[in-house]
Amino acid sequence: MSKLVVIGDGMVGRRFLEAVTQRDPSWEVTVLCEEPRPAYDRVRLSAFFDGVSAEELSLASDLPGVEVRLGEAATEVDRAAKVVRSATGEYPYDKLVFATGSYAFVPPMEGKDLPGVFVYRTIEDLENIKAHAEGRRHGVVIGGGLLGLEAANALKLLGLETQIVEFAPWLMARQLDEAGGGILKQHIEKLGIGVDCSTGGTKIEAVDGRLRMDTNRDGVSYDTDLIIFAAGVRPRDQLARDCGIEVGERGGIITDLSCATSDPDVYAIGEVAAMEGMCYGLVAPGYAMAEVVADRLAGGEATFPGADMSTKLKLLGVDVAQFGAMEGPLSTTYLDPAHGTYAKLILSDDATTLLGGMLVGDAEPYPLLRASVGGKVPGKLADLLGGGEIEGALPDGAQVCSCNAVTKGEIMGAIHEGCHDVAELKTCTKAGTSCGSCIPMLKQLLAEGGVEVSKAVCEHFTQSRAELFDIVKVTGITTFSELITRYGTGSGCDLCKPAVASILASLSNGHILDGEQAALQDTNDHFLANMQRNGTYSVVPRIPGGEITPDKLIVIGEVAKEFDLYTKITGGQRIDMFGARVEDLPKIWRKLVDAGFESGHAYGKALRTVKSCVGTDWCRYGVQDSVKMAIDLELRYRGLRSPHKLKSAVSGCARECAEARGKDFGIIATEHGWNLYVGGNGGFTPRHADLLLSDVDSETLVRTIDRFLMFYISTADRLQRTSKWVESLEGGLDYLREVIVDDRLGICGELDALMAKHVENYADEWKGVIDDPEKLQRFVSFVNAPETPDPTIEFEEVRGQKFPAGTTERSQPVLLGTPVLRSSQGK
Amino acid sequence: MQPICEFDRLVPGRGVAALLADGSQVAVFRLFDDSLYAVSNEDPFMGANVISRGLVGDRGGEPVVVSPLLKQAFSLKTGVCLDDEAVALEVYAVEVVDGQIRVGAHSEAKAST
């Protein structure tokens, strides 16, 4: 078997391993990785400060035939013997791949090695920065490029007063011109971050337990607690230099377009490679190199297709994008200091071909513009620059997803073959699966391909559920008949009626069976119980947080016994009683209500349960009182009607026994407070919830959940779970955070008020029924024979409990390898 | 025709079940315009007597009731299932006399299915 050694396990190295094992699994691969952990997503490194864990950033996966040696740095390459050495081992190779990446550049400055001075490159760097920042208040970032702004954001998240020091005359000088850099500076200063350009540090010294940095500007120095160098990276080519492989003048291992170095058995990929002398600091070209070498090792002839250096980022909440050429024969610009936007397009001398451009503050046209580079200008310049409606079609050859090199033609092909939404396009074409910046473009192409995504609730309303919600909220309409007369057609159906009933209930319009609302409720809501296959109902009293007294347990047992109900423990930490006849429901609930139970809303699109682990009171590991929090949350949101059911859980520590990340909103205790996760669910397509907030106190937690729920209820589609809703938000989780944490839309006050109204108006629905003779009337099998139960309902006994007759015989007994117990009676 | 109950007992937009003398069950619906319809109460797909608890509305103008179990829609005029035309509910004659709802004892639409 041929031996392949890879030095370095970063993003590009990992992509290469995946590609090579897929194309030619016969290689025996050894990876030497200096870092103590396998490959992780360095592009999202800053998310670490947002509470995303190192595990979540990991890109590691088990690959067949690949041995990854963590924490073992290659120290020498002996090309004559074709062997790589480390401090502890020797690894012979037939082919060798350098994927060593870059290191953070630190200028030769006095004091650069003092404690409190860091670089911004690895998870360990970030851990050290976080530890040092604890209890301190000021930080300086040297470098106002991409990385510097990321680092500044990190310091801001750590609660430090932050100062950026940039040597160039403006920010992001490699991507932006002076005007663009100026607008960006305006945005960043508004966030309370200091920006000094044309300034370079000259010396760092320790003064009274803090740091002082002098600069090249007279009298300007900074007293600070922490300094981060984020002034660029350099290729890690020392190992290659030492073994005599050719390197470039400004560093980097020289390769040809096949990624081969001056030694044909040695390749270099990613940031360490100087392809025909050019180093690429982005991940997309690195991925392309990984594919090239994997193909070559499988006997192919692939060459590097050229790199798209376009970038689009959200830095400190500001959109910045650059695509194609930075300069050209003609350029046209638009500057709006009032709104903080800047756009520049670079054009051919006849102004027909788009060569490149940059956008600051609003990058909405980016996907279209980037895909159009090298082709016709896709619309009127005024619209493209000023954010107007853009019309214009892309040529088929235009690349829509540059991360995965997917063209418009390929996407249109997938649409014609039956892809109907963004998720399907992602699966079929891989477009949109890396940075996601082309997703708006994918939506546009779906529309262009004739895929109409109608948001209309049903044939009676052309509006979406969210639009109906707004109409009801703004007009104050309280009846379905008024709503459909004014805004719809026909007499309604089983889709729009429950949807409107839910909207009316979310906006706190009294008991759901009051007046005309009764006619809108789905059958389960109408009888406040879940209809089962034989027309009987199941009954689920609320057990907040899953905590219940022995006395209440006994009441449930007594009720189940008296009314001959089948009982089962549910997944939501409560007890379900099945087989209740419609005329027995009020009697059952009279007993339950008298014992202090309330409706569990198992029948409604509403909050179901908030599960909990046992928390600090009993558990050896718990760090917060998860049971108390779960009970508080369940009581706060009980009865809240929503577009779909809502589930939650609270775990008392990171062991996550309550499975909170499988919930619509899940809470996990930390040493310092709570982490809030949103958008998870089990069901047909399980999804883990995403981290929205970390280490917050109880008050912030509850306020944020209030807003999350009310924003969801206000804007989601009918039967759209929170997971799909979060995914459907343009801008995703970041946008959600901006809306409900930073109040970007200015609606938080209203969301808070809506939730306050819900909490204030909550009343137990079942109590409302058993105290109301008019509502009780409908709980009969027959209107003309109220005392007669439905004679067609029959049960049979299985495993000591009752089941609907005729259902159990249809299912075969479950055959398990367990011993069969034979009764000796009667023999 | 046999009497069932007071017309006012029915909530507009909902139905009730009634037990007929021959032991069969009928579902009677009052729509928002106060029109009345009566169909058999048994869900032909699941065999449970639950049609009276379904939501009513219209599909393309045709008044329908939707089974609460698996959500098939049935025409209230003809009983025919709009999702599977081979299946139908029985349709009963229904009238209001002196404020009392009365239902025909036998299905009049069965012959057509």
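Where a ≥ b ≥ c are the square roots of the eigenvalues of the C-alpha gyration tensor, would you call the stretch A:89-146 rounded, which needs a/c under 1.5, or, failing that, prolate if a/b is larger than b/c, or oblate? Here the stretch A:89-146 falls in the prolate category. If you plug the beta carbon distance of A:Thr202 and A:Asp78 into 1/(1 + (r/R0)^6) with R0 = 41 Å, you get a FRET efficiency near 0.45. Report the residue, chosen from B:Leu70, B:Leu20, B:Leu82, that carries the largest GNM mean-square fluctuation when chain B is represented by alpha-carbon nodes joined by springs under 10 Å. Greatest mean-square fluctuation among the candidates belongs to B:Leu70. As a rough footprinting exposure proxy, the listed residues A:Met289, A:Met531 were ranked by other beta carbons within 10 Å of their own, and the order from fewest upward is A:Met531, A:Met289. Helix content alone sets the calculated 222 nm mean residue ellipticity of the protein assembly as shown: runs of n ≥ 4 DSSP H residues at -39500 (n - 2.57) each, divided across all residues, give -7500 deg cm²/dmol. Entry note, the stretch A:396-452: relative contact order of 33 percent, from Cα contacts under 8 Å with a spacing of 6+ residues.
Taking Lys and Arg as +1 and Asp and Glu as -1, the other residues whose beta-carbon sits under 9 Å from that of B:Leu82 total -3. Expressed to the nearest 5 percent, the antiparallel share of DSSP beta bridges inside the stretch A:117-231 is 40 percent. Here the simple spin-label model places points 7 Å from the Cα toward Cβ, and for B:Ala93 and A:Glu730 these points are separated by 6.1 nm. Mean-square fluctuation check for chain B, GNM, Cα pairs under 10 Å: which of B:Glu95, B:Glu85, B:Glu42 is largest? With Cα springs under 10 Å in chain B, the top fluctuation among B:Glu95, B:Glu85, B:Glu42 is at B:Glu85. Here the Gaussian network model covers chain B, with springs between Cα atoms less than 10 Å apart; of B:Asp83, B:Asp43, B:Asp98, B:Asp98 fluctuates the most. With R₀ fixed at 22 Å, the C-beta to C-beta distance from A:Asp94 to A:Ser58 puts the FRET efficiency at about 0.15. Decide, for the protein assembly as shown, between rounded, prolate and oblate: order the square roots of the alpha carbon gyration tensor eigenvalues as a ≥ b ≥ c, take rounded if a/c falls under 1.5, and otherwise choose prolate if a/b is larger than b/c, else oblate. The shape class here is prolate.
DSSP beta bridges confined to the protein assembly as shown are antiparallel in about 70 percent of cases. Exposure proxy ranking for A:Cys653, A:Cys259, based on other Cβ atoms within 10 angstrom of each Cβ and starting from the fewest, stands as A:Cys653, A:Cys259. Summing charges over all other residues whose Cβ lies under 10 Å from the Cβ of A:Gly116, with Lys and Arg as +1 and Asp and Glu as -1, gives +1. Using a basic spin-label model with each label point 7 Å from the Cα along Cα→Cβ, how many nm lie between A:Ala756 and A:Glu424? In this crude spin-label approximation the distance works out to 4.6 nm.
Treating r as the C-beta distance of A:Thr700 and A:Lys314 and R0 as 30 Å, the FRET efficiency rounds to 0.80. Counting every other Cβ atom within 10 Å of each residue's Cβ, A:Lys408, A:Lys591 order from fewest to most as A:Lys591, A:Lys408.
Put a dot 7 Å past the Cα of B:Ala21, heading toward its Cβ, do the same for A:Glu671, and the two dots end up 8.3 nm apart.
Of the residues A:Asn509, A:Thr489, A:Cys419, the one whose Cα sits farthest toward the positive end of the charge dipole of chain A, with +1 on the Cβ of Lys and Arg and -1 on the Cβ of Asp and Glu, is A:Asn509.
Each value in this text was obtained by applying a stated rule to the coordinates, not by laboratory testing. Predicted model, so just to flag it, every value in this text is computed and none were measured. Ideal geometry is used to build each Cβ from the backbone, glycine not excepted, and the neighbour counts take in all protein chains shown.
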